[in-house]
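The values are calculated or read from the model by the stated rules, or taken from the named source; none is laboratory data. Owing to the predicted nature of the structure, the values given are computational and were not obtained by experimental measurement. Here Cβ is always computed from backbone atoms with ideal geometry, including for glycine, and neighbour counts include all displayed protein chains.
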Amino acid sequence: MSAELRYLAYTAFLTAALWIPYIVCQVQTNGLLAPANYVDPKPRDVPLWGARAYRAHLNAVETFAPFAALVLIAHVAGKENAMTAFWTLAFFWVRLIHAVVYLAGWPFIRTLAFVLGFVAVCGLFWEVIA
């Protein structure tokens, strides 16, 4: 398996795992779901760290699709090289850092990590279209 596909898999696992802190917060704060929760889907209140966990997961889901598409296009087009491997590695680590600092509530580092993730996607895009 190529490095690009490996880091795509790592990023998919990270994205899938980011819902866990939010669910833990929900259960700690509000208990297990009751039948009434299925009738009224309105989100229940959680502490700020739970809200940040929810947003971190949503952000990861929103950025995963363009990243995955570019990695798969690079793979199918045979454009995998050292730079595409670098950009996929960078994207994974930046997404991990983003999730950690988002959960911790460090706004400026979170924004920097988000921007670096965008740069990684742009770099990967440039490698694919070049």
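General observations
- Scope the stretch 28-58; condition assigned to a helix (DSSP H, G or I), at pLDDT below 90 and surrounded by 12 or more Cβ atoms within 10 Å (Cβ to Cβ); matching residues: Thr29, Asn30, Asn37
- Taking the criterion of being of a type in the set (D, E, K, R) and in contact (Cβ under 8 Å) with a residue 24 or more places away in the chain, the residues of the stretch 31-67 that qualify are Arg52, Arg55.
- Residue match in the stretch 93-100 (condition: touching a Lys or Arg at 6+ places or on another chain (Cβ under 8 Å), surrounded by 15 or more Cβ atoms within 10 Å (Cβ to Cβ) and not polar (S, T, N, Q)): yes
- Residues that are surrounded by 15 or more Cβ atoms within 10 Å (Cβ to Cβ) and part of a helix (DSSP H, G or I), drawn from the stretch 18-27: Trp19, Pro21, Tyr22, Cys25, Gln26
- Restricting attention to the stretch 62-113, the residues that are under 13 Å from the mean Cα position of the chain (by Cα), hydrophobic (A, V, I, L, M, F, W, C) and over 23 Å from Ile129 (Cα atoms) total 8.
- Subset of the stretch 68-115 that is in contact (Cβ under 8 Å) with a residue 24 or more places away in the chain and part of a loop (DSSP other than H, G, I, E, B) - its residue that is nearest to His57 (Cα to Cα): Gly105
- Residues in the stretch 28-66 that are within 30 Å of Leu124 (Cβ to Cβ) and in contact with a helix residue (DSSP H, G or I) (Cβ under 8 Å, 6 or more places away or on another chain): Arg52, Ala53, Tyr54, Arg55, Ala56, His57, Asn59, Ala60, Val61, Thr63, Phe64, Pro66.
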